[in-house]
Amino acid sequence: MSTYRVNELFYSLQGEGRYAGTPAVFVRLSGCNLACSFCDTQHQTWQHMTCRQIVEAVGLHPARTVIITGGEPALQLDAELTTALHEAGYTIHLETNGTLPLKPGVEIDWITCSPKDGPALQIQHIDELKVLFRGEDVSGFLSVPAREYRLQPLDTGDPERNKEIVKQTVNYILNHPKWNLSLQTHKILNVR
């Protein structure tokens, strides 16, 4: 039986993308293969949990959606965990940077890929491509096959800069309507 380095497991609302507002159990796996300067997630610490412990902990909450996130969850995620969650009746969403292929047998119901500067995308299927927008031309990302394309204003931590990035994001989307807006509503609402 596999063990996983779980940074945290909590119940909240999905804050971003297509499923914003959806109640979900978040399983944040520790570790990442990238070191982005703007990362807003502390994912370096962990506790070891077995697949069974994760499924039991998820079952303490009423939602039927599980979001596996990180760090970069593809470093650890395997078919044992996704199979067990599916067998327990859960829909599985994955949030990934896309730079690692998924392990054989891993079945995911919705994949959100948020590409970063650096390594090429290795993931084979993307439902939602979510680009963190800083004001640059992102038309090159439209060559990445995905069902949906979203721009999310990058949170720089500087309120004045953030206002400018939000304005640029809205203008970019209005001029490039293949993109849709994604906001970090959990930050706006001050929800975990």
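Quick check on my filter: what residues within the range 61-108 are acidic (Asp, Glu) and without any contact (Cβ under 8 Å) to a residue 24 or more places away in the chain? Let's see the steps before the verdict.
The initial filter retains those residues of the range 61-108 that are acidic (Asp, Glu), namely 72, 78, 80, 87, 95, 107.
Once the filter is applied, which keeps residues that are acidic (Asp, Glu) and without any contact (Cβ under 8 Å) to a residue 24 or more places away in the chain, the range 61-108 yields only 87.
If you take the residues of the range 1-12 that are surrounded by fewer than 17 Cβ atoms within 10 Å (Cβ to Cβ) and at pLDDT 95 or above, which of them is farthest from residue 51 (Cα to Cα)?
Looking at the filtered set, the residue picked out is 12.
Considering only residues of the range 40-62 that are buried (at least 18 other Cβ atoms within 10 Å of the Cβ) and not in a helix (DSSP H, G or I), which is modelled with the highest pLDDT?
49
Considering the range 114-140 alone, what residues qualify as being among the aliphatic types (A, V, I, L, M) and either within 18 Å of residue 94 (Cβ to Cβ) or without any contact (Cβ under 8 Å) to a residue 24 or more places away in the chain (or both)?
Selection gives 120, 121, 123, 126, 129, 131, 132.
May I ask you to verify whether residue 126 is surrounded by 19 or more Cβ atoms within 10 Å (Cβ to Cβ) and part of a strand (DSSP E or B)?
no
Quick one: how many residues across the range 146-169 are surrounded by fewer than 16 Cβ atoms within 10 Å (Cβ to Cβ) and among the small types (Gly, Ala, Ser)?
1
Can we say residue 118 is more than 16 Å from the chain's Cα centre (by Cα) and closer than 24 Å to residue 66 by Cα? Show your work before the answer.
Values: more than 16 Å from the chain's Cα centre (by Cα): yes; closer than 24 Å to residue 66 by Cα: no.
Answer is no for this residue.
Can you tell me which residue in the range 13-39 is surrounded by the most Cβ atoms within 10 Å (Cβ to Cβ), limited to those that are modelled with pLDDT of 95 or more and hydroxyl-bearing (Ser, Thr, Tyr)?
My answer is 19.
Scan the range 146-182 residue by residue and report those that are touching a residue at least 40 places away in the same chain (Cβ under 8 Å) and out of contact with any strand residue (DSSP E or B) (no Cβ under 7 Å at 6 or more places or on another chain).
If the condition is that a residue be touching a residue at least 40 places away in the same chain (Cβ under 8 Å) and out of contact with any strand residue (DSSP E or B) (no Cβ under 7 Å at 6 or more places or on another chain), then 155, 156 are the ones that fit.
Quick check on the range 97-118. Is at least one of its residues closer than 20 Å to residue 31 by Cα, touching a helix residue (DSSP H, G or I) at 6+ places or on another chain (Cβ under 6 Å) and either at pLDDT below 95 or surrounded by fewer than 13 Cβ atoms within 10 Å (Cβ to Cβ) (or both)?
Yes, the conditions are met somewhere in the range 97-118.
Out of the range 158-190, which residues are part of a helix (DSSP H, G or I) and either small (Gly, Ala, Ser) or over 17 Å from residue 137 (Cβ atoms) (or both)?
159, 160, 161, 162, 163, 166, 185, 186, 187, 188, listed by residue number.
The values are calculated or read from the model by the stated rules, or taken from the named source; none is laboratory data. Given the structure is predicted, the values throughout are model-derived calculations rather than measurements. Note that each Cβ is placed from the backbone with ideal geometry, even for glycine, and that neighbours are counted across all protein chains shown.
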